[in-house]
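The values are calculated or read from the model by the stated rules, or taken from the named source; none is laboratory data. In this text, all values refer to a predicted model and were calculated from it rather than measured experimentally. Positions of Cβ are backbone-derived with ideal geometry, glycine not excepted, and every protein chain shown enters the neighbour counts. Note: accessible area is taken over every heavy atom of the protein model, side chains too, but ligands, DNA and RNA are not part of it. Shrake-Rupley method; radii C 1.70, N 1.55, O 1.52, S 1.80 Å.
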Protein chains: 2
Amino acid sequence: MKIAVDVMGTDYGPKELVLGAVNAVKEYGCETVLVGDEKIIRELLVKYGADKNPKITIHHASEVIAMDEHPAIAVKSKKDASIVVAAGLLRNNECDALVSSGSTGAAVASALFCVGRIRGVERPAIATPIPSLKGTTVVLDSGAKVDAKPEHMVQSAIMGTVYAEKILKISQPKVGLLNIGEEETKGNEQALATYPLLKDTRTINFIGNVEGRDINKGTVDVVVCDGFVGNVVLKFGEGLAKAIMTLIKEAIMNGGILAKLGGLLIKPALKGLKKRLDPAEYGGALLLGIRAPFIICHGSSKAKAITNAIHVAMDFAEQDVVSIIKDKIAESKEMRN
Amino acid sequence: MKIAVDVMGTDYGPKELVLGAVNAVKEYGCETVLVGDEKIIRELLVKYGADKNPKITIHHASEVIAMDEHPAIAVKSKKDASIVVAAGLLRNNECDALVSSGSTGAAVASALFCVGRIRGVERPAIATPIPSLKGTTVVLDSGAKVDAKPEHMVQSAIMGTVYAEKILKISQPKVGLLNIGEEETKGNEQALATYPLLKDTRTINFIGNVEGRDINKGTVDVVVCDGFVGNVVLKFGEGLAKAIMTLIKEAIMNGGILAKLGGLLIKPALKGLKKRLDPAEYGGALLLGIRAPFIICHGSSKAKAITNAIHVAMDFAEQDVVSIIKDKIAESKEMRN
């Protein structure tokens, strides 16, 4: 199993990506090919004592796509950008999966132009796992396609079902449509048009509309929404969780000596919780609908998140999620015809 | 100052509404007219020792609109529904403001049909204040109008600016458009079309796009979005905050004797924080764009939230927010012509 890692274009620079990959090779026994500036990568490998590891190779790429570049234009003009080169390796079966944590837009564009969609899939979707009171809920699409058509949302539901079954190991995962009320008659034009299509899709276990508050409750396993809504919601959740934690810390630190002591005493108990809520533990989001396993990590991912992402990428490839999505999409098209 | 309170159709029944109103009269010296089933209200007033208070009157309404009824149909067919009767009092200047915590859809429909829009306002918007690391951010629209047109979003920005100035007492409030990236070129069709209009609106202090994570950061004072997105985001935030608190409590309770002791010690310090994060403290959302002050509370509001909502309603009326919105909307139309 060989995982390509695009180590360029991230918030903290290549060092976190290289270290994360080195640790994944040690921990999970996979091979990895690091794509980016050869000189920088080699220096980092020496630093981490991994330059002689035969399981780690370097594939040079001379260009980088920055976070603020226009994704499609950059991917088309920068032929030697690390994400484009890495996607080329994936297309040519020179690796089994790809992990990226640069610009999400550039990752999606590279996936579309260089790797291609699964036959029958109209638009890819980003599936992001988030913690719920019952375990994990996957939200998709979280940003691959804004202004999604109802048909795209149905395909998201099918792909999200495969994700929940194969990666989260949930049997017959429940699917909900993110909306402003539970009733079938509630919602915007997009939701109103999507509801009956989801109801008619027999390859999924659609239970109806869910509201924002259901996401963390774990009412369903798969939450389907448009890429705009999904992106806004997930970034909001990130910010809110951080804000609550900051406010709690502040309150304890300003609460006098007893509160501070209390803070110390609860620390060990909260450690497990912190781990559970940490996005780094989830190892990135899966770009579903592409012909090969493609993982998109947060731009601010540190080494641990990359190591976990590589583990998820291995699972993504081993479980053959791509072939199953292909079959399920074909099956649902046949049923409709 | 007389505030009408629709006491029917809420999650916890009329008792919380009546108690909240009784307390508001005591605390803020206002008058109140309680709209709903006379017998029930009278019994509750006796129970709370307020049946002889000359500042509290009852206005009987024989019908109720339930949470799951179709708002527009119910408002048109149930002429004696409490929310319709209360909106009639507001239209006829028999009260200065209205507080409701029944079905949001029915409240918006009653406001539109019975009270009417401010001249020049195309769609009302629900403005919901939420706590941020810097103070309070107002998000609008949080559910009055899904599938908003760019022009509606601009009016939300103008009305939200008035809210931030008059109710939150922020001078020259910063306005941001909720989007999936900071760049002007990012977003769905709606956001892309709204951005240049906001940029050209000289009566507001538009600083550009903001992302989900900016809402609680307090990057801006006014966050403008479509009613669908706003509703989903706010309900998600509510659920997430609750989930985090539940998980923290669980972790402390399961963390052994020292963690439990720590939990006790931090409790007083967290009390102030709990108050700050409690939606009840904010006293409901303002329905802006309607010809008279109209407050919409959460269906699960308890007495304290209602008391606070009545206080906000008094401020809404005293600050003459309605007239200021009327002037600002007219001013921005003139500038465009």
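Take the Cβ atoms of A:ARG202 and A:LYS267, set R0 to 51 Å, and the FRET efficiency comes out at 0.55.
Rounded to the nearest 100, the interface formed by chains A and B buries 4800 square angstrom of accessible surface, both chains summed, with a 1.4 Å probe.
Counting only heavy atoms of the protein chains, get the accessible area per residue of the protein assembly as shown (1.4 Å probe) and round it to a whole Å² value. Roughly 42 Å² per residue, with all protein chains present.
Our summary gives chain A a relative contact order of 22 percent, counting only alpha carbon pairs under 8 angstrom and 6 or more residues apart.
Note on region B:122-286: with charges restricted to the Cβ of Lys and Arg (+1) and Asp and Glu (-1), its dipole about the Cα centre is near 940 debye.
Counting only protein heavy atoms and a probe of 1.4 Å, the accessible surface of the protein assembly as shown is 52% carbon and sulfur.
Ranked by solvent-accessible area (1.4 Å probe, protein heavy atoms only, all chains present), the residues A:ASP315, B:ASP11, B:ASP96 order from largest to smallest as B:ASP11, B:ASP96, A:ASP315.
Which helices, counted as full DSSP H runs in chain A, have an axial Cα extent of no less than 30 Å and a Kyte-Doolittle average of 1.0 or above?
Result, helices passing both filters: A:227-253.
Counting only other chain Cβ atoms within 10 Å of each residue's Cβ, the peptide A:103-109 averages 1. Ordered from largest to smallest accessible area (heavy atoms of protein chains, 1.4 Å probe), the residues A:LYS199, A:LYS78 come out as A:LYS199, A:LYS78. Once the partner protein chains are put back, region B:262-291 shows a loss of at least 10 square angstrom of accessible area, versus the chain by itself, at B:GLY262, B:LEU265, B:ILE266, B:ALA269, B:LEU270, B:LEU273, B:ARG276, B:LEU277 (probe 1.4 Å, ligands and nucleic acids excluded). Shown for region A:172-197: residues covered by the partner protein chains by 40 Å² or more of accessible area relative to the chain by itself (probe radius 1.4 Å), namely A:ILE180, A:ASN188.
Give me the percent relative contact order of region A:70-203, please, defined on Cα pairs under 8 angstrom at least 6 residues apart. Could you put the intermediate results ahead of the total?
Values: 133 pairs, mean separation 20.8, N = 134.
Answer for region A:70-203 is 15 percent.
Sorted shortest first, the separations between the B:LYS275 label point and its copies elsewhere in the assembly read 3.7 nm; each point sits 7 Å from Cα along the Cα-to-Cβ line.
In chain B, the beta-carbon sitting nearest the axis that superposes B on A belongs to the residue given here with its distance in angstrom, B:GLY262, 2.
For chain A, rounded, prolate or oblate, judged on the Cα gyration tensor with a ≥ b ≥ c (square roots of eigenvalues), a/c < 1.5 rounded, else prolate if a/b > b/c? If you can, show how the numbers build up before the last one.
On the way: a/c = 1.83, a/b = 1.09, b/c = 1.68.
Oblate is the answer for chain A, as a/c is 1.5 or above yet b/c matches or exceeds a/b.
Strictly over 30 Å apart at the Cα level, which of B:LYS15/B:LYS79; A:LYS217/B:LYS26; A:LYS2/A:LYS78 would you flag in this model? Provide the component values of the computation, followed by the final result.
Numbers: B:LYS15/B:LYS79 23 Å; A:LYS217/B:LYS26 38 Å; A:LYS2/A:LYS78 25 Å.
The pairs that break the limit, which is 30 Å between Cα atoms, are A:LYS217/B:LYS26.
Inter-copy label distances at A:GLU151, shortest first and taken from points set 7 Å along Cα to Cβ: 3.2 nm.
With each run of n ≥ 4 DSSP H residues scored as -39500 (n - 2.57), what mean residue ellipticity at 222 nm is computed for chain A after dividing by its residue count and rounding to the nearest 500 deg cm²/dmol?
Numbers: 12 runs with 162 residues, N = 337.
Value at 222 nm, helices only, nearest 500: -15500 deg cm²/dmol.
Rounded to the nearest 10 square angstrom, A:PHE113 shows an accessible area of 110 square angstrom against a 1.4 Å probe. The listed peptides B:200-213, B:42-55, A:241-254, A:17-30, ordered by packing as a protection proxy, come out as A:17-30, B:200-213, A:241-254, B:42-55 (highest mean of other Cβ atoms within 10 Å first).
Using heavy atoms of the protein chains and a probe of 1.4 Å, the accessible area assigned to A:HIS70 is about 100 Å². If you plug the beta carbon distance of B:PHE113 and B:GLU151 into 1/(1 + (r/R0)^6) with R0 = 22 Å, you get a FRET efficiency near 0.50.
Roughly what percent of Cα-Cα pairs across region B:122-286 reach past 25 Å? Value for region B:122-286: 36 percent of Cα pairs lie more than 25 Å apart. Distances between copies of A:THR203, taken at a point 7 Å out from Cα along the Cα→Cβ vector and listed shortest first: 5.2 nm. Per residue of peptide A:223-235, the mean number of Cβ atoms on other chains within 10 Å of the residue Cβ is 6.
For region B:232-264 versus region B:269-327, the spacing of their alpha-carbon centroids is 27 Å. Cross-link check: pairs A:LYS39/A:LYS304; B:LYS274/B:LYS304; B:LYS274/B:LYS302; A:LYS199/B:LYS242 evaluated at a Cα-Cα cut-off of 19 Å; pairs beyond the cut-off: A:LYS39/A:LYS304; A:LYS199/B:LYS242.
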